[in-house]
Amino acid sequence: TGDLAEVAPALLLTERIRLGTPGYVEQQTGRVMSYGRDQITAGLADAALAAELEIPERSPVVLGRNWIRDQDGEVIEYGEYTSVPDRWSA
């Protein structure tokens, strides 16, 4: 949420947070990461996504999004990602 900007200013920077977003938020606010939820689907790259990933339009892609919540159920982190064939995630 926007109110985190004052107590966790690194969230506004483009540099990677080495501790990870949930760990950093916990360190800065005391909010404790409690649970997460992931959604994953397969799809075809539209023109904009294909251009961004430098792949042919309508190429198969994996689309995902995740939420990490604190002990009160409030979102600490929301993320979206895309992957292409033959690329493993860790």
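Only one of the numbered conditions (1) open to solvent by 80 Å² or more (accessible area, probe 1.4 Å); (2) in contact with a helix residue (DSSP H, G or I) (Cβ under 7 Å, 6 or more places away or on another chain) is violated by residue 68, and that is (1).
Within the stretch 18-35, the set of residues being touching a residue at least 24 places away in the same chain (Cβ under 8 Å) and loosely packed, with under 12 Cβ neighbours inside 10 Å comprises 35 only.
Let's see how each residue does on (1) hydroxyl-bearing (Ser, Thr, Tyr); (2) modelled with pLDDT under 95:
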{"position": "39", "(1), (2)": "no, no"}
{"position": "42", "(1), (2)": "no, no"}
{"position": "50", "(1), (2)": "no, no"}
{"position": "57", "(1), (2)": "no, no"}
{"position": "62", "(1), (2)": "no, no"}
{"position": "66", "(1), (2)": "no, no"}
{"position": "70", "(1), (2)": "no, yes"}
{"position": "78", "(1), (2)": "yes, yes"}
{"position": "83", "(1), (2)": "yes, yes"}
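Checking each residue in the stretch 36-52 for being touching a residue at least 12 places away in the same chain (Cβ under 8 Å) and either part of a helix (DSSP H, G or I) or open to solvent by less than 80 Å² (accessible area, probe 1.4 Å) (or both) picks out 36, 39, 41, 43, 45, 49. Inside the stretch 1-17, residues that are open to solvent by 100 Å² or more (accessible area, probe 1.4 Å) and either within 16 Å of the chain's Cα centre (by Cα) or modelled with pLDDT of 95 or more (or both) make up a count of 6.
For the stretch 71-85, a tally of residues being open to solvent by 50 Å² or more (accessible area, probe 1.4 Å), part of a loop (DSSP other than H, G, I, E, B) and within 16 Å of residue 22 (Cβ to Cβ) returns 3.
The values are calculated or read from the model by the stated rules, or taken from the named source; none is laboratory data. Please read all numbers here as calculations on a predicted model, not as lab measurements. Positions of Cβ are backbone-derived with ideal geometry, glycine not excepted, and every protein chain shown enters the neighbour counts. Remember, those area values only see protein heavy atoms, side chains included, never the ligands or the DNA or RNA. Shrake-Rupley method; radii C 1.70, N 1.55, O 1.52, S 1.80 Å.
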